[in-house]
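None of the figures in this text is laboratory data; all of them are computed from the coordinates on show. All values reported here derive from a predicted model rather than from experimental measurement. Here the Cβ is made from the backbone with ideal geometry for all residues, glycine too, and neighbour counts use every protein chain on show.
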Amino acid sequence: MKTHACIPTYVILIILILNVISVSCNRPVQSEEWELAWAEEFDYNGKPDAGYWGFEKGHIRNNELQYYTDQLENVSVSDGVCTITAKVEGPDSITSASINTLGKYDFLYGRVEVRARIPSALGTWPAIWMLGVNRSDVGWPACGEIDIMEHVGYDPAKIHANIHTAAYNHVKGTNKGNTISVGDPSDDFHVYAMEWYEDHMDFFFDDSLYFSYANDMAGDPDTWPFDEPHYLLINLAYGGGWGGREGVDTTLLPLEYLIDYVRHYRKTGSPS
């Protein structure tokens, strides 16, 4: 009769933990096979790579309080992370940063994935979003807007995803979107992702799918302007029409928005 040595319980637990870590590190694991098309891993020091990123400058939109700059005090890369910092510069001045890939890298279909740790306080409004590269020609919202992640500090447990088009947008009160309650998303890094197909989009918080938007297949750019390339924006706003709805607390500044990586995947075998 053969005998088998007993495996200690702690060894079994270690094996299970290593299996979980292995699965987590190999994301994305979704319903499709994906191959990496482009990535920004922030594996350098200084300003964000000018080959990948441009900067918005000034007071841009939504009556937000911050003035966007490209100064290192507001946006810098070190230790594998890009840090966007909102800070008080004077009695009536808040500065922050908004980086984007306009003219650097365009996205059309595939999986767009950002791993980040967002700040959350009264007045914060971090976002990961996309606009059509034809915005200067057709304007907003005809160019299309894809909000992969938005968070407002006065509603700290929720993450939001939205789309905006000529037919569906917040100005008309017809925008399409959804929220997910996630506890405190500022307590750690999370993966914010959008999978973009010709007939629909899916939005994820980590592995949770919480919003989908379908192409009505009518060929109408007012409802589906998403067959044109888009560029990516990552910004930290403070106050404004949504972020400041319940007020702001500038005594909580400075606050940091940490971006670990940005990745774009395409379906295996699709044209580049």
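Compare the Cα positions of 75, 183, 108 along the charge dipole of the chain (+1 at Cβ of Lys, Arg; -1 at Cβ of Asp, Glu; about the Cα centre) and return the one farthest towards the positive end.
So the residue furthest toward the plus end is 183.
Could you sort the peptides 247-257, 172-182, 156-166 by per-residue average Cβ neighbour count (10 Å cutoff), highest mean leading?
With the highest mean Cβ count within 10 Å placed first, the list reads 156-166, 247-257, 172-182.
Can you check what the net charge comes to around residue 67, using other residues whose Cβ is under 15 Å from the Cβ of residue 67 (Lys, Arg +1; Asp, Glu -1)?
So the environment of residue 67 carries a net charge of -3.
Roughly how many nanometres apart are two label points built 7 Å out from the Cα toward the Cβ at residue 140 and residue 33?
The modelled label-to-label distance comes out at 3.9 nm.
Suppose the chain between residue 93 and residue 218 were pulled fully straight at 0.36 nm per residue; how much longer would it get relative to their current alpha carbon spacing?
40.3 nm
When the helices in the chain are scored as -39500 (n - 2.57) per DSSP H run of 4 or longer and the sum is shared across all residues, what 222 nm value do you end up with, to the nearest 500 deg cm²/dmol?
Mean residue ellipticity at 222 nm (helix-derived): -2500 deg cm²/dmol.
Rounded, prolate or oblate for the chain? Axes are the square roots of the Cα gyration tensor eigenvalues, ordered a ≥ b ≥ c, and the cut-off for rounded is a/c under 1.5.
Oblate.
For residue 79 and residue 67 in one chain, what is 0.36 nm times their gap in residues minus the Cα-Cα distance, to one decimal in nm?
So the chain would gain 1.7 nm between residue 79 and residue 67.
Full-extension gain between residue 43 and residue 178, please, as 0.36 nm times their residue separation minus the C-alpha to C-alpha distance.
45.3 nm
Using a simple charge model, +1 on the beta-carbon of Lys and Arg, -1 on the beta-carbon of Asp and Glu, nothing else, what dipole does the chain show about its Cα centre, in debye to the nearest 20?
About 340 debye.
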